[in-house]
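Down below is the structure, laid out as structure tokens.
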Amino acid sequence: MTLAAAERKRGLSDRTKVIGLVSSGHFLAHFYVIVLPPLFPLLQSEFGVPYSALGLLLTVSSVTTGLVQVPVGFLVDRFGPRLLLMMGLGCMSAAVILSGLTSSYSALLAMMLLLGVGNSVFHPADYAILSARVEHTVLGRAFSLHTFSGHLGWAIAPTIMITLTALWGWRPALVAVGLCGLLVLVAMLLFGRVLETGSSSGAGADQSDSSTKPGPSTKTEKGDGGNPLNIRLLFTAPMLLLFCYMIMASVAAIGLNSFTVVALVDLYDTSLDSANLVLTVFLSCSAGGVLLGGLIADRTKRHDLVIVAGFCISAAALVLVGSAWLPILAVSASIALAGLMNGAIRPSRDIMVRAAAPAGSVGKVFGFVTSGMNVGGAIAPLLFGWILDQGQTPWIFYAAAGAMLLALLAALLARPKDV
């Protein structure tokens, strides 16, 4: 084997380890976020609290993540992402394990606070590592696998928790899934070299070879990389627009995830089982679209056009569904198309955010921008619930389509001038 071939083989092996470790952590982060809801009936009986109090557990976790994520992004840029990533996974694993051992509701509330702190690490740290350690030619696919792993964690958590609880009880089930996080943490310790970005102050993009940098970010000034505490960057027009993009895209996605079933039952007089099947198709196509989007993102430099096509097709399909004149099979096909397109834009979205990040600022940029998802997650249930209360069911789909078009507008305004 020639030296060049050996280097290529070692690079491929390292890249596989990086994507595998980062995606495994992201899978568990999403899994842990919804580990309690399948257990709510048992927790309500165990602790004697109303369901509103159990809902507060999720609110505390989500709000904590949103508040802590931006400061964590600055820490990622200052100290490097590897240590922060391991600390975040350790916090979430400990929170889940201790939730299975706790004897009071107040202690469970404290564990959800710890869970939220741990969850705040993943977006800034993961994207910093992937941006620094994965070549630009495959960065779209790396981002897509990272996003897909999170979707997978969401998808299988309820089934896993219900199955383990039926076998062992809810306390051993929580301890068991929490211990899985510690196993991944051990793997990060053993193979942690590949997660190093080569700089304690830069999260690494500025330390990487130029071939690893996605487009316009290679032209940004180096000054910010030397000043990881520069908060003014987050209040520039591109960052605020990308933050708004995340809010509106999250409003659309969470609104559809939460209210598609009730809207279909009302609009099309379909059965609850059929409506849930359509939602499952939407979520499955969205996850598949993420993988497709990774392939597309690595084969084009016009990520803005990918986002234009994805959002426009999705919005048009949702407007057709809201019109209430489609047969149910056409409704399923339209929602499947909307899910596929909505998933396909996400790797291109991530590359556009990465391209807007100056050298040494990947952590803070992703930490700030992706916190818009938490804002959208707070807005969507209130907005779409109010729409249903007004008896305007078609607007469930019209509002989601409108939010997608607003997200598209924000993305185009934030686009670098030379893209």
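Only one of the numbered conditions (1) assigned to a helix (DSSP H, G or I); (2) free of Cβ contacts under 8 Å to residues at least 60 places away in the same chain; (3) surrounded by fewer than 23 Cβ atoms within 10 Å (Cβ to Cβ) is not met by Gly116, and that is (3). Among residues of segment 157-186 that are on the phi < 0 side of the Ramachandran plot, those with a Cβ under 6 angstrom from a residue that is open to solvent by 60 Å² or more (accessible area, probe 1.4 Å) and modelled with pLDDT under 95, sequence gap 6+ or separate chain, pair up as Trp170/Leu42.
Determine whether segment 67-82 contains at least one residue that is surrounded by fewer than 19 Cβ atoms within 10 Å (Cβ to Cβ) and closer than 25 Å to Val49 by Cβ. Yes, there is a match, as at least one residue in segment 67-82 is surrounded by fewer than 19 Cβ atoms within 10 Å (Cβ to Cβ) and closer than 25 Å to Val49 by Cβ.
Of the residues making up segment 75-103, those that are closer than 20 Å to Lys364 by Cα and touching a Gly at 6+ places or on another chain (Cβ under 7 Å) are Val76, Asp77, Pro81, Arg82, Leu85, Gly88, Leu89.
Scanning segment 206-247 for residues that are modelled with pLDDT of 60 or more, open to solvent by 50 Å² or more (accessible area, probe 1.4 Å) and in contact with a Gly (Cβ under 9 Å, 6 or more places away or on another chain) yields a total of 1.
Residues in segment 310-334 that are exposed (fewer than 14 other Cβ atoms within 10 Å of the Cβ) and assigned to a helix (DSSP H, G or I): 2 in all.
Which of the residues that make up segment 232-267 are hydroxyl-bearing (Ser, Thr, Tyr) and under 16 Å from Leu283 (Cβ atoms)?
Once the filter is applied, which keeps residues that are hydroxyl-bearing (Ser, Thr, Tyr) and under 16 Å from Leu283 (Cβ atoms), segment 232-267 yields Ser250, Ser258, Thr260.
Would you check which residues across segment 378-418 are farther than 30 Å from Trp325 by Cβ and open to solvent by 50 Å² or more (accessible area, probe 1.4 Å) and list them? Ala378, Leu412, Leu413, Arg415, Lys417, Asp418 - these are the residues of segment 378-418 that are farther than 30 Å from Trp325 by Cβ and open to solvent by 50 Å² or more (accessible area, probe 1.4 Å). With respect to (1) surrounded by fewer than 18 Cβ atoms within 10 Å (Cβ to Cβ); (2) without any contact (Cβ under 8 Å) to a residue 60 or more places away in the chain, the lone exception for Leu337 is condition (1). Going by the structure shown, is Gly360 open to solvent by less than 10 Å² (accessible area, probe 1.4 Å) and not in a helix (DSSP H, G or I)? Yes; evaluated as a whole, the condition is true for this residue. In segment 340-360, the residues that are small (Gly, Ala, Ser) form Cβ pairs under 7 Å with partners that are outside any helix (DSSP H, G or I) and open to solvent by 10 Å² or more (accessible area, probe 1.4 Å), at six or more places apart or across chains, as follows: Ala355/Pro416; Ala356/Pro416; Ala359/Thr220; Ala359/Lys222; Gly360/Ser201; Gly360/Pro228. Of the numbered criteria (1) out of contact with any Leu (no Cβ under 8 Å at 6 or more places or on another chain); (2) open to solvent by 50 Å² or more (accessible area, probe 1.4 Å); (3) not acidic (Asp, Glu), the one Gly293 fails is (2). Does Leu272 qualify as being open to solvent by 30 Å² or more (accessible area, probe 1.4 Å) and of a type in the set (A, V, I, L, M, F, W, C)? In short, yes.
Here is a yes/no grid of residues against (1) small (Gly, Ala, Ser); (2) at pLDDT 95 or above:
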{"site": "Ser13", "(1), (2)": "yes, no"}
{"site": "Pro37", "(1), (2)": "no, no"}
{"site": "Leu58", "(1), (2)": "no, no"}
{"site": "Thr65", "(1), (2)": "no, no"}
{"site": "Asp77", "(1), (2)": "no, no"}
{"site": "Gly88", "(1), (2)": "yes, yes"}
{"site": "Ser93", "(1), (2)": "yes, yes"}
{"site": "Ile97", "(1), (2)": "no, yes"}
{"site": "Thr102", "(1), (2)": "no, no"}
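Residue-by-condition table, conditions (1) over 29 Å from Ser120 (Cα atoms); (2) in contact with a Cys (Cβ under 8 Å, 6 or more places away or on another chain); (3) assigned to a helix (DSSP H, G or I); (4) not polar (S, T, N, Q):
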site: Val369; (1), (2), (3), (4): no, no, yes, yes
site: Gly377; (1), (2), (3), (4): no, no, yes, yes
site: Pro381; (1), (2), (3), (4): no, no, yes, yes
site: Gly391; (1), (2), (3), (4): yes, no, no, yes
site: Trp395; (1), (2), (3), (4): yes, no, yes, yes
site: Ala400; (1), (2), (3), (4): no, no, yes, yes
site: Met404; (1), (2), (3), (4): no, no, yes, yes
site: Leu408; (1), (2), (3), (4): no, yes, yes, yes
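Inside segment 333-357, can you point out the residues that are closer than 16 Å to Leu283 by Cβ and not aliphatic (A, V, I, L, M)? Ser334, Gly339, Asn342, Gly343, Arg346 - these are the residues of segment 333-357 that are closer than 16 Å to Leu283 by Cβ and not aliphatic (A, V, I, L, M).
Based on what the data block shows, is Arg302 open to solvent by 50 Å² or more (accessible area, probe 1.4 Å), charged (D, E, K, R) and in contact (Cβ under 8 Å) with a residue 60 or more places away in the chain? Yes: the conditions hold for Arg302.
Screening Val375, Val369 for residues that are buried (at least 24 other Cβ atoms within 10 Å of the Cβ) and on the phi < 0 side of the Ramachandran plot leaves exactly one candidate, Val369.
The values are calculated or read from the model by the stated rules, or taken from the named source; none is laboratory data. Just so we're clear, the structure is a prediction, and the values are computed from it rather than from any experiment. Cβ sites come from the backbone with ideal geometry, for glycine too, and all protein chains shown count toward neighbours. Note: areas computed on protein heavy atoms with side chains; ligands, DNA, RNA excluded. Shrake-Rupley method; radii C 1.70, N 1.55, O 1.52, S 1.80 Å.
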